[in-house]
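The numbers here are math on the coordinates, done by the rules we state, and not lab data. Quick caveat: nothing in here was measured; it's all calculated off a predicted structure. Cβ placement follows ideal geometry from the backbone for every residue including glycine, while neighbour counts extend to all protein chains displayed.
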Amino acid sequence: MNTIIQNILVFTALILAVMFIVKTYIWSPKKKKTKACGGDDNCGCH
Amino acid sequence: MSKQINVALIGNPNTGKTSVFNALTGLNQKVGNYPGITVEKKEGICKLPRGVKAHIIDLPGTYSLNASSLDENVVIELLLNKNDKDFPDIAVVVSDVENLKRNLLLFTQIKDLEIPTLLVINMADRMSYKGISLDIDYLEEHLQTKIALISTRKNEGINNLKNLIANLKDLPIKPCLNASEIDQDYFDNLRKAFPNQLLYKLWLVITQDVNFGKTDRNEIGAVANFKTKSKADLKRLQQKETIKRYQFINNVLKKGQTIDISQAKDLRTKLDRILTHKVWGYTIFFVILLTIFQAIYDWSSIPMDFIDTVFASLSEWTKNMLPSGAFTNLLAEGIIPGLGGIVIFIPQIAFLFLFIAVLEESGYMSRVVFLMDRVMRRFGLSGKSVVPLISGTACAIPAIMATRNIESWKERLITILVTPFTTCSARLPVYLIIISLVIPEGRFLGLSYQALTLMLLYLIGFGTAVISAYILNKILKIKSKTFFVIEMPNYKLPMFKNVALTVIEKTKSFVFGAGKIILAISIVLWFLASYGPGEQFNNAETIVKAEYAPQNLNEEDLKQKIASHKLEHSFIGITGRAIEPAIRPLGYDWKIGIAIVSSFAAREVFVGTLATIYSVGSDDEATIKNRMAAEVNPILGGPLFTFASGISLLLFYAFAMQCMSTLAIVKRETNSWKWPVLQLVIMTAFAYIVALIAFQFLK
């Protein structure tokens, strides 16, 4: 029983950790594409 | 009946405007609010010569007529609305003798509204201290005004000011700048469309978010024969206007004002003279840096040892107290050592930010920016690039965002590209653990070798950033101009509250920002190190027992061999072995390889990863440092972390682009994947080559 609970906890922690990493570094909502900065680009630097 | 005139007191913040108001009105004043808004309105009455009475309004401080706040709107709305009962018969612009150039921007704008404008130069008593002398006649002639040189502190020049206000009819109303110079075609069209309006007033109505009597912006836009410009075009014209104004001001002050710093006598100037001196300035900055790094090492050692021991004991306690099983192992071997690898660096990071906050609060940091501008210009950077480069010692992400105030796109791009070379706080844990392993503890002239190495790494990072900037400046074919303007704040004793808040906020963001990802990565790494495919992993115990049967090992050694065999054939071991051929020439084993790969998420993950990998299957309560020191090189034998492999690793981390978040922010700031990809490839390749040379040369 103890082994089963411990394994469930480990796999839950693993899934949560993987989801967090994916959400933080891989998946992100797509943003509107704009042209590269430089010249008169209105990037906040001119 | 005596005549009453409206006098508007206008000026930049901190010019002593309210002191002038008090000197003119005495007790005849009242304080209220502007109708509808809670911006303070101060009014008073002043008796002037020849029986003239002045109704004086102390307007909120503003740097220019380009409003950016409610306070500044009040000033513009009053100056643009002739129907307002408070519309001034005379505008008195109060300036501060120490910041005349900046103050004159507002003066020239008000003058161009063709309101009789008088210039008050306050704090005249500071002139001798600052080595400033003024040619008042020349200034009056070229600024087309009358000037009152006063000192409210010494109550000097107030009567002359009253006389000048009373004689407002003598003030010329000729503008300083011909508005058409900003854009000939645009202003010609504007003049044709609104022949009865003052051109500069129209320009302000178009560009500012204020009302202008019966003519508002929409009405201007509705006139068929006049075409308004886009917001971006208007912004550019506004910048052109500011540049033209400063060119005018510079020309006037070139002859009208002399500043001889060698004659200055005040403490601030004396300090500035030393701290921004071309030899002493750099020497003092270097000594301050040296002191900081020495203090980081000396002061943090006790709390760091304490934290290290606490986490080792906590791990041991967890294993003993909780029922044995996979989750207990995850806690004791994965999560606790992984987090311990971050918490241990809190004292050093807190001390680093303590020093940075003190330097910023005291006003010294602005001198450093000024000092470094001389160096930066030679390398294609602006003085403003120093701010991101210094902020980069905390984190490259806010530092790259701080480049937004660099006007020139080329200088901004170069700063963005080189900032990741500066030693960020995420590199600190890596540096500290490797330095403590491979650099001896001796001292040279009272400074520890370890502190000197750390400082050297900071200098290498900064030096590489500057040299890269020089190369990029030569390679990148982007044309742009820039101006460097920085206001030197007065020196002051740092406020304890501000320093404490900065230290807490920065440390918290380091621990919690990095902590979450480290926790997640520790869990994944522990899993990958504790599970594996195939016979070699599943039957590790049988294989090892059979292999070592003739040697008759004791139980402890056998356990160690089994753990080591399992780790080698776990998922992480297999991955590590796959990349080992690429990193072996640098002096690293597959465990370091795994740490390098996982620390691509964030550099500080390196230490947490090694702590997790070395803890898997281990029962003793050794600290992270001891476990790393005990690692044996699988090929050469002897310690894995030698001087050669340690230096190679330090240099790899000094140059490699090991940070996903930084790449993401570079992509966002440049709006292109081109620059972050180039950054990643070039920095990593360079780091690999330098680390390879260092190891092969030193081994």
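If I model a spin label as a point 7 Å beyond the Cα along the Cα-Cβ vector, how far apart are those points for B:Leu553 and B:Arg236 in nm?
My value for the distance between the label points is 7.3 nm.
How much FRET efficiency would the formula 1/(1 + (r/R0)^6) give for B:Val310 and B:Phe512, where r is the Cβ-Cβ distance and R0 is 25 Å, rounded to 0.05?
On the way: r = 19 Å, r/R0 = 0.76.
My answer for the efficiency is 0.85.
Can you tell me the 0 to 90 degree angle between the C-alpha axis of helix B:100-111 and the longest principal axis of chain B, rounded to 10?
The helix B:100-111 is inclined about 50 degrees to chain B.
Give, in whole angstrom and from largest to smallest, the semi-axes √(5λ) of the equivalent ellipsoid of chain B, with λ running over the eigenvalues of the Cα gyration tensor. Before the final figure, lay out the partial values.
Numbers: eigenvalues 867, 140, 111 Å².
The equivalent ellipsoid of chain B has semi-axes of 66, 26, 24 Å.
Once you place label points 7 Å from the Cα toward the Cβ at A:Thr24 and B:Ala500, how far apart are they in nm?
3.1
What pairs from B:Lys53/B:Lys169; B:Lys130/B:Lys162; B:Lys101/B:Lys244; B:Lys17/B:Lys254; B:Lys201/B:Lys244 go past 19 Å between their alpha carbons?
Values: B:Lys53/B:Lys169 15 Å; B:Lys130/B:Lys162 27 Å; B:Lys101/B:Lys244 13 Å; B:Lys17/B:Lys254 26 Å; B:Lys201/B:Lys244 17 Å.
Exceeds cut-off: B:Lys130/B:Lys162; B:Lys17/B:Lys254.
Based on Cα coordinates alone, diagonalise the gyration tensor for the stretch B:236-349, multiply each eigenvalue by 5, take square roots, and list the semi-axes in whole Å, largest first.
Values: eigenvalues 717, 113, 14 Å².
Three semi-axes, in Å: 60, 24, 8.
Give the dimensionless ratio obtained when the Cα radius of gyration of the stretch B:4-170 is divided by 2.2 N^0.38 Å. Mind dumping the intermediate values first?
Values: Rg = 14.9 Å, N = 167, 2.2 N^0.38 = 15.4 Å.
Taking the Cα Rg and dividing by 2.2 N^0.38 Å, one obtains 0.97.
Using the Karplus curve 6.51 cos²θ - 1.76 cosθ + 1.60 with θ = phi - 60°, work out ³J(HN,Hα) for each residue of the stretch B:138-151 in order, rounded to whole Hz, and write x for Gly and Pro.
Taking θ as phi minus 60°, the curve returns 4, 5, 4, 5, 8, 8, 6, 7, 10, 10, 10, 8, 10, 9 Hz for the stretch B:138-151.
Pairwise over distinct Cα atoms, reciprocal of the mean inverse distance: report the Kirkwood radius of the stretch B:627-672 in Å, one decimal place. Numbers along the way, then the final one.
On the way: mean 1/r = 0.0762 Å⁻¹.
It works out to 13.1 Å.
Neighbour counts of other C-beta atoms within 10 Å: give me B:Glu555, B:Glu241 arranged from fewest to most.
Result, fewest neighbours first: B:Glu555, B:Glu241.
So how far apart, in nm, are the two label points at B:Glu535 and B:Asn14 if each is 7 Å from Cα heading toward Cβ?
Once both label points are built, they end up 7.8 nm from each other.
Could you list the square roots of 5 times each eigenvalue of the Cα gyration tensor of the protein assembly as shown, that is, the equivalent ellipsoid semi-axes, sorted largest first and rounded to whole Å?
Computed over the protein assembly as shown, the values are 65, 28, 24 Å.
Which of the residue pairs B:Lys516/B:Lys699; B:Lys240/B:Lys278; B:Lys42/B:Lys255; B:Lys174/B:Lys235 have a Cα-Cα distance greater than 31 Å in the structure shown? Display every interim value, and only then the final one.
Details: B:Lys516/B:Lys699 37 Å; B:Lys240/B:Lys278 33 Å; B:Lys42/B:Lys255 36 Å; B:Lys174/B:Lys235 26 Å.
Pairs exceeding 31 Å: B:Lys516/B:Lys699; B:Lys240/B:Lys278; B:Lys42/B:Lys255.
Using all Cα-Cα distances in the stretch B:295-392, what percent lands in each 5 angstrom bin from 0 up to the longest?
2, 12, 15, 12, 10, 10, 9, 9, 7, 6, 4, 3, 1
Please list, in chain and number order, the residues 5+ apart from B:Asp112 or on another chain whose amide H is under 5 Å from its amide H, with Hs placed from the backbone.
B:Cys176
Fewest Cβ neighbours within 10 Å first, please rank B:Ile434, A:Ile4, B:Ile572, B:Ile471 accordingly. List each step's numbers first, then the result.
On the way: B:Ile434 23, A:Ile4 9, B:Ile572 29, B:Ile471 13.
Sorted ascending by nearby Cβ count, the order is A:Ile4, B:Ile471, B:Ile434, B:Ile572.
With +1 on each Lys and Arg Cβ and -1 on each Asp and Glu Cβ, and nothing else charged, work out how big the dipole of the stretch B:280-475 is about its Cα centre, in Debye to the nearest 20. Working shown, then result.
Details: 12 positive and 11 negative charges, 193 e Å.
Dipole magnitude for the stretch B:280-475 comes out near 920 debye.
Taking the Cα centre of the stretch B:4-170 as origin and charging only Cβ (+1 Lys, Arg; -1 Asp, Glu), how large is the dipole, in debye to the nearest 20? Don't skip to the end; give the middle numbers.
Numbers: 19 positive and 20 negative charges, 104 e Å.
Its charge dipole is roughly 500 debye.
Just round it to a whole percent: the fraction of Cα-Cα distances in the stretch B:499-698 exceeding 23 Å.
Details: 10593 of 19900 pairs.
Summing the P(r) tail past 23 Å for the stretch B:499-698 gives 53 percent.
For helix B:70-80, what angle does its Cα long axis make with the longest principal axis of chain B, in degrees from 0 to 90 and rounded to 10?
That helix lies at roughly 30 degrees to the long axis.
How would you rank B:Trp590, B:Trp526, going from fewest to most other Cβ atoms within 10 Å of each one's own Cβ?
Starting with the residue having the fewest Cβ neighbours, the order is B:Trp590, B:Trp526.
Can you list the aspartates and glutamates whose alpha carbon is less than 18 Å from that of B:Lys566, not counting same-chain residues fewer than 8 positions off?
B:Glu333, B:Glu535, B:Glu541, B:Glu547, B:Glu555, B:Glu556, B:Asp557, B:Glu580, B:Asp589, B:Asp619, B:Asp620, B:Glu631
Just checking the output field for B:665-675: average partner chain Cβ neighbours within 10 Å of each residue's Cβ?
Working: counts 0, 0, 0, 1, 4, 4, 8, 5, 1, 1, 2.
For peptide B:665-675, the averaged partner shielding equals 2.
In nm, what is the difference between 0.36 nm times the number of residues separating B:Asn250 and B:His277 and their Cα-Cα distance?
Working: separation 27, 0.36 × 27 = 9.72 nm, distance 2.45 nm.
So the chain would gain 7.3 nm between B:Asn250 and B:His277.
Compute the angle between helix B:674-698 and the longest alpha-carbon principal axis of chain B, please, reported from 0 to 90 degrees and rounded to the nearest 10.
The two axes meet at around 50 degrees.
Scan the stretch B:132-169 for trypsin sites (Lys or Arg not before Pro) in coil per DSSP, keeping those whose Cβ has at most 14 other Cβ atoms within 10 Å, and list them by number.
B:Arg153, B:Lys154
Report, as an integer, the average count of C-beta atoms from other chains found within 10 Å of each Cβ along A:7-14.
On the way: counts 3, 2, 6, 13, 3, 1, 13, 8.
Across A:7-14, the average partner-chain Cβ count within 10 Å equals 6.
Apply the Debye scattering formula to the stretch B:280-475, with a single equal point scatterer on each alpha-carbon and no solvent, then give log10 I(q)/I(0) at q = 0.08, 0.13 Å⁻¹.
Values, matching the q order: -0.35, -0.78.
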